[in-house]
Amino acid sequence: MEDSVKALELTGLFLKKAKTDVYYWKWVLVSLHNSIQGFMVCALRGKDGLNVLKDRVAERLIEAKQNNAPLPKPELDTFLNLYRKIQTDKMLMNPKSKKFIPGKHHDKSIRRLNRLRNHFIHFTPKSWSMEASTLPLMSVYCLQVIRFLAFSSGNISCNNQELRSRIGRTLHEIELALQKMQVETTS
C-alpha cells in the first residue's frame with residue numbers, strides 16, 4: 001500500500017512541475033499509472049493473492065498446490081486486465097465489497113493512460129507530442145478510480161489513519177491542481 005501512496009504523491013509533485021514544463025507530464029502519467037495499478041492490486045489481492053495474477057497462472061498455481069507439484073512463477077496480470085477485474089465479482093470478497101462501475105469516460109481514460117505510459121516506458125527513439133491540454137481531464141477520471149478503490153470498494157482496509165489521511169489529502173490536492181489546469185486551458 002505504501003508504494004501505491006508514494007506513487008500517488010509523486011504524481012502530485014510531478015504535476016506541480018508540469019505546470020511550467022510540459023516534459024513532466026511524462027512522469028505524471030507514469031506515476032499515476034503505477035499508483036492506480038498498486039491500488040487495483042491492493043483491492044483485488046484477497047487472502048490468497050490469486051485475483052491479481054494472470055488467469056492461466058492462477059489456475060496452474062491452484063493445480064500445483066492440489067497436486068503437490070512445483071509452483072509456477074507468479075505473474076501479475078496486465079494493467080488493463082486488472083482494471084477489468086475490479087469491475088467483476090472478483091471484487092466481492094466480503095459483505096462490504098463493491099465492484100467498480102465505470103462512468104462513460106473512465107474506460108477511455110484508463111486505456112489512454114495505459115497507452116501513453118507504455119509509449120513512455122517502452123519507447124523506441126522517436127519524437128512524441130501530445131495535446132497536454134487534454135491530460136488534466138483524463139487524469140481526473142483516473143484519480144476517481146483510485147478514490148473508489150481506496151475509500152469505497154470495501155477491499156482496502158487501512159487501519160493506519162495517517163496513511164488514509166495522506167491518500168485523501170493527496171487525491172484532493174491533485175484534483176484541485178488538475179481542475180485549475182483545466183480552467184486555465186479553456187480560458
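The values are calculated or read from the model by the stated rules, or taken from the named source; none is laboratory data. What you see is a predicted model; the values in this text were computed from it and never measured. Backbone-built Cβ (ideal geometry, glycine too); neighbour counts: all protein chains shown.
So the values come out like this:
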| read-out | value |
| --- | --- |
| Single condition residue 183 does not satisfy, out of (1) surrounded by fewer than 16 Cβ atoms within 10 Å (Cβ to Cβ); (2) modelled with pLDDT under 95; (3) within 25 Å of residue 1 (Cα to Cα); (4) of a type in the set (A, V, I, L, M) | (3) |
| Residue within segment 154-174 that is surrounded by 20 or more Cβ atoms within 10 Å (Cβ to Cβ), hydroxyl-bearing (Ser, Thr, Tyr) and assigned to a loop (DSSP other than H, G, I, E, B) present | no |
| Residue satisfying condition, being in contact with a Gly (Cβ under 7 Å, 6 or more places away or on another chain), in contact (Cβ under 8 Å) with a residue 24 or more places away in the chain and either within 21 Å of residue 147 (Cα to Cα) or hydrophobic (A, V, I, L, M, F, W, C) (or both), within set 90, 85, 98 | 98 |
| Restricting segment 29-39 to residues that are aliphatic (A, V, I, L, M) and within 16 Å of residue 122 (Cα to Cα), the residue that is surrounded by the fewest Cβ atoms within 10 Å (Cβ to Cβ) | 30 |
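Let's see how each residue does on (1) part of a loop (DSSP other than H, G, I, E, B); (2) touching a residue at least 24 places away in the same chain (Cβ under 8 Å); (3) surrounded by 13 or more Cβ atoms within 10 Å (Cβ to Cβ); (4) of a type in the set (Ser, Thr, Tyr):
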| position | (1), (2), (3), (4) |
| --- | --- |
| 5 | no, yes, yes, no |
| 9 | no, yes, yes, no |
| 13 | no, no, yes, no |
| 17 | no, no, yes, no |
| 41 | no, yes, yes, no |
| 72 | yes, no, yes, no |
| 111 | no, yes, yes, no |
